[in-house]
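Notes follow once the structure below has been shown.
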Amino acid sequence: MRFKIIRIFFALIFISLGLTIFNFCLLRSSVYRTLSKRNCIRLMPQEGSRGRILDRRGEVIAGNKLCYDLLIMAQDKEDIDRTLDAVSRVLGKSPAQLRASLRTNFIAAFAPVVIARDIERRQAIALEEMKSEFDNIIVQPRPVRLYLSDNLACHLLGYLNEIDHWRLTKLEEYGYQTKDVVGFGGVEEKYDYYMRPEKGGFQIEVDHRGRFIRVLGFRPPVEGKDINLTIDLRIQKIVETHLRDRPGSVVIMDPSTGEIIAMASWPNFDPAVFLKQNNSLIGNLFNDPKAPLINRAISGVYPLGSVFKLVVATAALETSKINLTKTFFCPGFLRVGRREFKCWNNHGAQNLMAAITHSCDVFFYNTGLSTGPQALHDYALRFGFSKATGIDLPYESVGQVPSPMRRRLSRQGRWYDGDTANFSIGQGDLLVTPLQVARMTAVFANGGRLVRPYIVMSVQGRDISVSQRQSVPTKLKQWILDYVAKSMREVVRDPSGTGNVLSSAGVEVAGKTGTVQVPRGLSHGWFSGFFPYQHPKYVISVFLEHGGSGQASCQLARHIIEDMVKEGLL
């Protein structure tokens with residue numbers, strides 16, 4: 001009986017082994033064949049060229065250059081020592097330095113190891129000539145981003161850097177991998193998926209110890225797609241030349257389409273710093289209190305000051321709280337409750353056009369109080385404030401428009417007439433971006449449409465501007481828009497207008513100045529307008545952080561427009 005049980009036991013074992021062998025050899029043979037192939041085949045990736053960034057006329061802003069890396073097949077120790085001794089004489093580095101690079105960058109026996117990056121072309125040629133004697137040398141060309149105009153349009157472009165954990169988590173399903181170089185900020189980030197190249201590489205066979213045997217195949221990398229921006233590089237250069245060393249931003253936009261013709265922010269930065277992998281320089285950029293990496297045109301939020309009076313005027317006329325003949329007397333101040341709200345001058349009797357021309361605060365204190373804070377809030381929203389413009393760039397701020405209703409509901413306190421007076425001249429809790437101001441100004445230039453700004457015109461020659469052009473009718477009365485626009489023209493044309501300095505710009509300009517008092521430092525300065533007045537082609541919005549006054553912004557706008565006229569760009 002005992003022997004019978006043992007025989008059955010062994011029979012079951014052999015049957016089990018037989019079934020297992022049958023399963024492995026026949027039923028699952030294809031699976032293990034695939035695993036076996038994967039075990040002996042490796043892919044050596046090769047980078048392609050990133051898509052170029054060009055301006056509206058096809059001039060290259062960011063292209064690519066070819067650099068050379070030296071790699072070594074690290075399989076035979078004796079060959080490596082001999083190779084490193086020979087290579088060191090060409091590169092001008094000691095064998096010890098090259099061995100340190102070899103140890104640092106070693107991945108696997110089959111994989112070539114990078115021991116020198118960005119070697120000179122003459123060195124690459126000399127090393128190629130040595131390959132007949134040293135077959136473990138590989139000189140690999142690698143495309144690297146090249147910024148042809150240094151810092152120009154850096155905030156629009158963004159920069160390239162190794163992918164971080166946050167982006168890898170978000171983008172892994174789209175084929176992004178550790179160590180990939182991706183865009184940060186600007187169009188480099190927003191359109192990274194289009195511009196990034198598709199990797200190619202060599203398929204090689206290795207033995208059971210992971211050592212290289214032979215090349216099985218080669219798949220060429222696919223270049224990324226080129227992108228044409230809406231900006232005109234000639235105008236961008238003019239803008240950045242005049243903005244240099246003055247913290248702030250300038251936006252020039254087509255009021256009819258929303259195309260960004262130029263956008264600059266100061267201080268700026270050199271995007272090539274990130275390609276050099278210099279941690280010290282990169283750290284300086286992030287720690288700089290002047291915040292050079294921030295695009296002030298879309299990410300900075302500031303009080304608007306007297307430029308907001310254009311919205312107040314429109315709201316008051318639309319709600320019939322004032323008419324074109326209504327006047328308020330300006331003695332240089334207005335008492336609201338226990339507080340005295342000052343004007344920057346004693347203007348005397350002012351109607352609406354005169355008040356816009358002279359930027360009379362007292363007139364607008366009275367107008368805002370008559371119109372009411374909720375109406376001012378609602379019309380500010382109709383002009384696009386407190387929401388994103390929708391521009392195709394990352395990290396756009398929305399700002400805020402103060403709301404008496406929201407304040408009551410949140411129990412933050414009462415809304416006082418003094419709050420309304422402040423709100424009426426663009427002070428207080430109102431915060432906007434320079435791009436939002438340009439968009440608001442465009443409403444008076446294009447007949448009442450709120451356009452969506454955009455920066456990319458085409459991808460790989462395919463025009464996408466038609467799909468980018470979106471606008472929303474503000475449903476404001478045309479005669480009111482025309483009257484406010486006419487008043488904006490008087491700001492520049494009238495000798496006593498706050499923007500009269502622009503009368504010599506060489507083209508008819510309409511606009512509005514703004515000076516914003518801040519708790520510390522000089523006042524912020526604004527100018528926002530459009531030109532030519534009769535047939536508006538451009539909107540310009542100039543903001544100078546602690547610039548002193550709106551006059552400084554007017555002067556800057558004049559220099560830009562004068563140069564555009566000289567260059568025949570109008």
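The values are calculated or read from the model by the stated rules, or taken from the named source; none is laboratory data. Keep in mind that what you see is a predicted model, and the values were worked out from it rather than measured. Please note: Cβ atoms are built from the backbone with ideal geometry, for glycine as well, and neighbour counts cover all protein chains shown.
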Among the residues of the stretch 340-357, is any among the β-branched types (Val, Ile, Thr), outside any strand (DSSP E or B) and touching a Ser or Thr at 6+ places or on another chain (Cβ under 9 Å)? yes
Only residues that are farther than 14 Å from TYR68 by Cβ and in contact with a Phe, Trp or Tyr (Cβ under 6 Å, 6 or more places away or on another chain): list them for the stretch 111-141, please. VAL113
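Criterion first (among the β-branched types (Val, Ile, Thr) and closer than 22 Å to PRO453 by Cβ) does VAL273 satisfy it?
Details: among the β-branched types (Val, Ile, Thr): yes; closer than 22 Å to PRO453 by Cβ: no.
The answer is no for VAL273.
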Please go through the stretch 222-239 and give me each residue that is hydrophobic (A, V, I, L, M, F, W, C), buried (at least 22 other Cβ atoms within 10 Å of the Cβ) and not in a helix (DSSP H, G or I), ordered by number. ILE227, LEU229, ILE231
Scan the stretch 169-184 for residues that are surrounded by fewer than 23 Cβ atoms within 10 Å (Cβ to Cβ) and either at pLDDT 95 or above or touching a strand residue (DSSP E or B) at 6+ places or on another chain (Cβ under 9 Å) (or both) and jot them down. LEU171, GLY175, TYR176, THR178, LYS179, ASP180, VAL181, VAL182, PHE184
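May I ask you to say which residue of ARG462, ARG449 is surrounded by fewer than 22 Cβ atoms within 10 Å (Cβ to Cβ) and modelled with pLDDT of 95 or more?
Numbers: ARG462 fails: modelled with pLDDT of 95 or more.
None of the others qualify; the one that does is ARG449.
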Just checking, does the stretch 424-437 include any residue being more than 28 Å from MET253 (Cβ to Cβ) and hydrophobic (A, V, I, L, M, F, W, C)? no
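Let's see how each residue does on (1) within 30 Å of VAL181 (Cα to Cα); (2) modelled with pLDDT of 80 or more; (3) assigned to a loop (DSSP other than H, G, I, E, B); (4) hydroxyl-bearing (Ser, Thr, Tyr):
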{"position": "SER16", "(1), (2), (3), (4)": "no, no, no, yes"}
{"position": "THR83", "(1), (2), (3), (4)": "no, yes, no, yes"}
{"position": "LYS93", "(1), (2), (3), (4)": "yes, yes, yes, no"}
{"position": "LEU98", "(1), (2), (3), (4)": "yes, yes, no, no"}
{"position": "ALA111", "(1), (2), (3), (4)": "yes, no, yes, no"}
Given (1) under 22 Å from LEU317 (Cβ atoms); (2) under 37 Å from the mean Cα position of the chain (by Cα); (3) modelled with pLDDT of 95 or more, where does GLU396 come up short, assuming only one miss? (1)
If ASP494 meets every condition in (1) under 28 Å from the mean Cα position of the chain (by Cα); (2) within 22 Å of THR314 (Cβ to Cβ) apart from one, which number is that one? (1)
If we ask which residues in the stretch 517-538 are closer than 21 Å to LEU310 by Cα, surrounded by fewer than 23 Cβ atoms within 10 Å (Cβ to Cβ) and of a type in the set (Gly, Ala, Ser), their number turns out to be 1
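Going residue by residue through the stretch 124-139, is there one that turns out to be within 25 Å of PRO197 (Cα to Cα) and surrounded by fewer than 16 Cβ atoms within 10 Å (Cβ to Cβ)? Even if it seems obvious, please write down each step before you answer.
Kept after step one, since they are within 25 Å of PRO197 (Cα to Cα), are these residues of the stretch 124-139: 124, 138-139.
With the extra rule that they be surrounded by fewer than 16 Cβ atoms within 10 Å (Cβ to Cβ), the set shrinks to none.
Within the stretch 124-139 (the criterion being within 25 Å of PRO197 (Cα to Cα) and surrounded by fewer than 16 Cβ atoms within 10 Å (Cβ to Cβ)), the answer is no, since none of the residues qualifies.
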Only listed residue being touching a Lys or Arg at 6+ places or on another chain (Cβ under 7 Å) and not acidic (Asp, Glu), chosen from VAL398, VAL336, VAL362: VAL398
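Name every residue in the stretch 479-509 that is farther than 19 Å from SER553 by Cβ, surrounded by fewer than 16 Cβ atoms within 10 Å (Cβ to Cβ) and touching a residue at least 12 places away in the same chain (Cβ under 8 Å), in order of residue number. Outline the logic, then answer.
At the first step, the residues of the stretch 479-509 found to be farther than 19 Å from SER553 by Cβ are 479-486, 495.
Right, trim to surrounded by fewer than 16 Cβ atoms within 10 Å (Cβ to Cβ) and you get 479, 482, 486, 495.
Of everything in the stretch 479-509, just one residue is farther than 19 Å from SER553 by Cβ, surrounded by fewer than 16 Cβ atoms within 10 Å (Cβ to Cβ) and touching a residue at least 12 places away in the same chain (Cβ under 8 Å), namely LYS486.
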Just a yes or no: is a residue in the stretch 311-318 surrounded by fewer than 16 Cβ atoms within 10 Å (Cβ to Cβ) and among the acidic types (Asp, Glu)? no
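From SER541, SER553, grab the single residue that is surrounded by 24 or more Cβ atoms within 10 Å (Cβ to Cβ) and within 23 Å of THR230 (Cβ to Cβ). Before you say what the answer is, go through the steps one by one.
Details: SER553 fails: within 23 Å of THR230 (Cβ to Cβ).
After applying the criteria, what remains is SER541.
Can you confirm whether ALA272 is closer than 30 Å to LEU146 by Cα and out of contact with any Phe, Trp or Tyr (no Cβ under 6 Å at 6 or more places or on another chain)? First the steps, then the outcome.
Details: closer than 30 Å to LEU146 by Cα: yes; out of contact with any Phe, Trp or Tyr (no Cβ under 6 Å at 6 or more places or on another chain): no.
Spelling it out, it is not the case that ALA272 is closer than 30 Å to LEU146 by Cα and out of contact with any Phe, Trp or Tyr (no Cβ under 6 Å at 6 or more places or on another chain).
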Is it true that ILE213 is over 30 Å from VAL362 (Cα atoms), at pLDDT below 95, of a type in the set (Val, Ile, Thr) and surrounded by fewer than 16 Cβ atoms within 10 Å (Cβ to Cβ)? yes
Assigned to a helix (DSSP H, G or I) and surrounded by 20 or more Cβ atoms within 10 Å (Cβ to Cβ): is that true of LEU393 in this structure? no
If we keep only residues of the stretch 415-431 that are out of contact with any Lys or Arg (no Cβ under 7 Å at 6 or more places or on another chain) and assigned to a helix (DSSP H, G or I), then the residue surrounded by the fewest Cβ atoms within 10 Å (Cβ to Cβ) is ASP417
Conditions first: (1) exposed (fewer than 14 other Cβ atoms within 10 Å of the Cβ); (2) basic (Lys, Arg); (3) assigned to a helix (DSSP H, G or I). ARG335 passes all but one, so which condition is the exception? (3)
Counting only residues that are surrounded by fewer than 18 Cβ atoms within 10 Å (Cβ to Cβ) and in contact with a Ser or Thr (Cβ under 8 Å, 6 or more places away or on another chain), the stretch 398-414 contains a total of 2
Conditions (1) assigned to a helix (DSSP H, G or I); (2) closer than 23 Å to LEU476 by Cβ; (3) in contact (Cβ under 8 Å) with a residue 24 or more places away in the chain -> VAL362 fails only (2)
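Being over 20 Å from ASP192 (Cβ atoms), modelled with pLDDT of 80 or more and touching a Pro at 6+ places or on another chain (Cβ under 8 Å), is that true of even one residue in the stretch 38-55? Break it down into steps so the answer makes sense when it comes.
Let us first name the residues in the stretch 38-55 that are over 20 Å from ASP192 (Cβ atoms), namely 38-44.
Those still in the list that are modelled with pLDDT of 80 or more too: none.
The answer is no; no qualifying residue exists.
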For the stretch 465-476, enumerate the residues that are surrounded by 13 or more Cβ atoms within 10 Å (Cβ to Cβ) and out of contact with any strand residue (DSSP E or B) (no Cβ under 9 Å at 6 or more places or on another chain). LEU476
Taking the stretch 369-390 on its own, how many of its residues are assigned to a loop (DSSP other than H, G, I, E, B), touching a residue at least 40 places away in the same chain (Cβ under 8 Å), over 14 Å from ASP417 (Cβ atoms) and not hydrophobic (A, V, I, L, M, F, W, C)? 3
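For the stretch 145-191, name all the residues that are among the aliphatic types (A, V, I, L, M), part of a helix (DSSP H, G or I) and under 20 Å from GLY390 (Cα atoms). Steps first, answer last, please.
As a first pass, look at the stretch 145-191 and keep what is among the aliphatic types (A, V, I, L, M): 146, 148, 152-153, 156-157, 160, 163, 168, 171, 181-182, 187.
From what is left, the residues that are part of a helix (DSSP H, G or I) are 156-157, 168, 171, 187.
Result: LEU156, LEU157, VAL187.
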